[in-house]
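The next block holds one structure in the form of structure tokens; read it before the comments.
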Ligand SMILES: [Zn+2]
């Protein structure tokens, strides 16, 4: 591997830029392989240094010419390389005019300006703008942008950019143009341009100050009818941000464009959001509840960025969590208000633990504010986003709802229109709340990687009526302890919470003790309610206490959590001894939860579910993947065998003929129906297989259709091949539904999984330049642990082959896949040898991208 360590960027090296750009006027004449860009930049010096050169970033540009203040510069007045254009002598104030060509059609990195199908579109975060033109491409350079787009009228009737449309017209018979102006200063990463022959749906939103905003969602023609849910979600998000944070939309128009080839989920470009089509298009026939839920959340997320990200942006990319952690927190709160709060919280924590906790335990772990990187694209991680959101949530808990709102108001009062740091955010929160002391909080949570662990003990003195809780932080010898809110509950035998005044304790010391008085009987201890701190809580419960909490705890998250722990411990017992008996008391407690009429179906679906494989892996030093898989199945099957009749009755009760709607009540019922059927399917009974197939054939919406299809593909039923064929014949022409067909197979434990995937990859259905397809096949397969880690090594080879191929044209995708090898140090010894060979093979890619290099070198180090 060629060393690229000299390219490490460090937070400590941050320097304000020598020059900034006040305004940008771009003219872009679109053509597939030779798009011409004229850029006029009003430049201002910020440094005191005389004659400092002006350095403009570049990537894959063809230079034509540069003028300064109207005069064409001679060769000896500038330098141009692959990575920059350097004007040797700058001025205090000047106008640069630069001309260059780009080649969007052959740009498969999907960064900068590129083609998705017949459409031109852009992705500029973090450093894509330098693939469009020469520019000081860093977030602390904020300018106003005006764009004139020129294109063929017939091929590209729709021409869009940021801001408001100020002019449009024809240039001649063939060409037309549009001029967009964005009055808000922004960094170049928020710049966007779209051109195509697009379908559109339109809507309106009246803001609280009675401004009428034009709302539009653009998509491929024919998909218009599938955009309505996204439009409604957008209106809800606009209203929610006004009601919750007093933030009102600021331009006259807000547009979303759905694009098929997109590396990310969605992008918050000012006034012109660009979305992966999978996060826009949905109707009952083609999308599942989960997709509707994701669309609502992501539409909200990108919209909320208009203030937290766009109006106030990051000073540099080390501050990424400033906008992402805060905006994820905002979208989670939005979703909680739109759906069942308790259920939403469990799902958000589950996502954190599935993706972020393993990252925190593995070779690519980093704090939410990293201090160095080689490729910033590698840091769009669950840590920056989801753990970042948990850190904001702790600020919210410590200050309370009103205190947090005061802090947000102060944040906008102090920093609107600026590029700032996480310290600035914490400063605003502090000064708005009597100078609340966040110093210990900030030093630990922002700068330390890894998931904190708490060891918790309790004691009860009946004579004194005192209940004591001891909480010890497990730290390295000299480490500063974390500061966190930790929510607890004391639960009596009937499931009622004892009154303990404040519902959370503040942990600041290495060793903490909390005493609760006037307690008459020993209560059950409910820990880290609502997952108030993103930590691992270590507490030894007696079996009976844990079963009681599983049956009684009033806090949905803690009740769910204790259920996970019990089931995971049974799997660990199984790993030690395959004949270990599953306690009768647990089997009965599980049944009580299943039959509990007080619990809503959505919560119940979560409570009765088994922990994921990854949850159990995190409890082990060395992971035997097949054994964990078998252990989970063993527990699940035992529960299903014992309670088959109850499960069957419940399944039949949960069916009904209601017209499909994405409303929490219906979603909960479908979730529970799906969970119950998955228990029944674990019995491998031919009658149940037949029932599942019948329900698959009769399904009236995609949630029911995909749920039954998925279970059949994951089973040994003789109906399986028929289901796979039938689903394909029905949906192969629909790109987004085809992805579901692929991921159901890629995640299947069935023995033929890899053969099937290899056949798919050799077929005409496969297009490696579409990231959604790589995600559906390769990323899904990488989390299909028993196959990915199969002792034959074929799973590792399958992913390594893909990485080596994809790295030649889309480094963002190949480095994302490289993270699948993150378990390298935890796989059994025999796997380590074969996995090591594949990682080594990747490291030897002759022109390895710095994206993949950074990940692979961390895994190997
Ligand atoms: Zn975001």
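The values are calculated or read from the model by the stated rules, or taken from the named source; none is laboratory data. Model, not experiment: these values are computed from the prediction. No Cβ is skipped: glycine too gets one built from the backbone with ideal geometry, and neighbour counts run over all protein chains shown.
Quick notes
- Single unsatisfied condition, residue 214 versus (1) more than 16 Å from the ligand (Cβ to nearest atom); (2) assigned to a strand (DSSP E or B); (3) closer than 29 Å to residue 816 by Cβ: (3)
- Residue match in the range 295-310 (condition: part of a strand (DSSP E or B) and either within 16 Å of the ligand (Cβ to nearest atom) or surrounded by fewer than 21 Cβ atoms within 10 Å (Cβ to Cβ) (or both)): yes
- Of the residues screened, residue 348 is one that is under 28 Å from residue 249 (Cα atoms), within 16 Å of the ligand (Cβ to nearest atom) and in a helix (DSSP H, G or I).
- Residue within the range 251-273 that is under 20 Å from residue 416 (Cα atoms), away from the ligand (no atom under 15 Å from the Cβ), modelled with pLDDT of 95 or more and surrounded by fewer than 22 Cβ atoms within 10 Å (Cβ to Cβ) present: yes
- Test for residue 322: is it over 14 Å from the mean Cα position of the chain (by Cα), within 14 Å of the ligand (Cβ to nearest atom) and more than 18 Å from residue 192 (Cα to Cα): yes
- Matching residues, the range 782-818, being without any contact (Cβ under 8 Å) to a residue 60 or more places away in the chain and in a loop (DSSP other than H, G, I, E, B): 784, 790, 791, 792, 793, 807, 808
- The range 429-463: number of residues that are part of a loop (DSSP other than H, G, I, E, B) and free of Cβ contacts under 8 Å to residues at least 40 places away in the same chain: 7
- Taking the criterion of being surrounded by 20 or more Cβ atoms within 10 Å (Cβ to Cβ) and closer than 21 Å to residue 307 by Cβ, the residues of the range 370-389 that qualify are 384, 385, 386, 388, 389.
- A single member of 761, 848 is in a helix (DSSP H, G or I) and buried (at least 16 other Cβ atoms within 10 Å of the Cβ), and it is 761.
- Residues of the range 189-206 classified as out of contact with any helix residue (DSSP H, G or I) (no Cβ under 7 Å at 6 or more places or on another chain) and outside any strand (DSSP E or B), total: 3
- Any hit, the range 136-151, residues being without any contact (Cβ under 8 Å) to a residue 60 or more places away in the chain, within 30 Å of residue 420 (Cα to Cα) and surrounded by fewer than 21 Cβ atoms within 10 Å (Cβ to Cβ): no
- When residues in the range 351-389 are screened for being in a strand (DSSP E or B) and either within 16 Å of the ligand (Cβ to nearest atom) or farther than 21 Å from residue 821 by Cβ (or both), 1 of them pass.
- Checked against (1) more than 16 Å from the ligand (Cβ to nearest atom); (2) closer than 30 Å to residue 16 by Cβ; (3) within 14 Å of the chain's Cα centre (by Cα), residue 327 passes all but a single condition, namely (1).
- Residue-level check: of (1) under 29 Å from residue 143 (Cα atoms); (2) touching a strand residue (DSSP E or B) at 6+ places or on another chain (Cβ under 8 Å), residue 397 misses just (1).
- Residue match in the range 52-66 (condition: more than 22 Å from residue 160 (Cα to Cα), surrounded by 13 or more Cβ atoms within 10 Å (Cβ to Cβ), at pLDDT below 95 and over 32 Å from the mean Cα position of the chain (by Cα)): yes
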